[in-house]
Amino acid sequence: MTISTHVLDAARGRPFAGIAVSLQRRDGTEVARAETDADGRITGWGDGLEAGVYRLVFDTAEAAPFFPEVVLTFDHSDPAQHYHVPLLLSPFAYSTYRGS
């Protein structure tokens, strides 16, 4: 089981590189931290994680100052599956979905 994310600049149609992201348990305990690569991606997180509720905390202050931080909370209910949680970000809006 792994967790990955992808941050896209929805206004410009390109990836956001250099966004710091923290993977945390629901109680705020940090499990991993990384920055998005040139393609806006972070991959390979979560090997060996137990089932439970986790969150991705994105430091978006420079990319979208109106939203200095975006927190996406998700239920990692099946450790055998891959979880891809992308963030589409623009200056005054963001969205997410469960990717593949």
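For region 1-43, enumerate the residues that are without any contact (Cβ under 8 Å) to a residue 40 or more places away in the chain, among the basic types (Lys, Arg) and assigned to a loop (DSSP other than H, G, I, E, B).
If the condition is that a residue be without any contact (Cβ under 8 Å) to a residue 40 or more places away in the chain, among the basic types (Lys, Arg) and assigned to a loop (DSSP other than H, G, I, E, B), then ARG12 is the only one that fits.
What do you reckon, is VAL57 surrounded by 16 or more Cβ atoms within 10 Å (Cβ to Cβ), touching a strand residue (DSSP E or B) at 6+ places or on another chain (Cβ under 8 Å) and among the β-branched types (Val, Ile, Thr)?
Working: surrounded by 16 or more Cβ atoms within 10 Å (Cβ to Cβ): yes; touching a strand residue (DSSP E or B) at 6+ places or on another chain (Cβ under 8 Å): yes; among the β-branched types (Val, Ile, Thr): yes.
Considered against the rule, which asks whether it is surrounded by 16 or more Cβ atoms within 10 Å (Cβ to Cβ), touching a strand residue (DSSP E or B) at 6+ places or on another chain (Cβ under 8 Å) and among the β-branched types (Val, Ile, Thr), VAL57 comes out as yes.
For region 39-52, give me the residue count where each residue is open to solvent by less than 90 Å² (accessible area, probe 1.4 Å) and more than 14 Å from the chain's Cα centre (by Cα).
4
Determine, yes or no, whether PHE58 is under 10 Å from the mean Cα position of the chain (by Cα) and among the aromatic types (Phe, Trp, Tyr).
Details: under 10 Å from the mean Cα position of the chain (by Cα): yes; among the aromatic types (Phe, Trp, Tyr): yes.
So PHE58 passes the test.
Could you please give the count of residues in region 48-69 that are out of contact with any Lys or Arg (no Cβ under 8 Å at 6 or more places or on another chain) and within 18 Å of ALA34 (Cα to Cα)? Give the derivation first.
Just the residues of region 48-69 that are out of contact with any Lys or Arg (no Cβ under 8 Å at 6 or more places or on another chain), to begin with: 48-51, 56-69.
Next cut, within 18 Å of ALA34 (Cα to Cα) only: 48-49, 56-63, 68-69.
Of the residues in that region, 12 qualify.
The values are calculated or read from the model by the stated rules, or taken from the named source; none is laboratory data. Owing to the predicted nature of the structure, the values given are computational and were not obtained by experimental measurement. We place every Cβ from the backbone using ideal geometry, glycine too, and count neighbours over all the protein chains shown. Note: areas computed on protein heavy atoms with side chains; ligands, DNA, RNA excluded. Shrake-Rupley method; radii C 1.70, N 1.55, O 1.52, S 1.80 Å.
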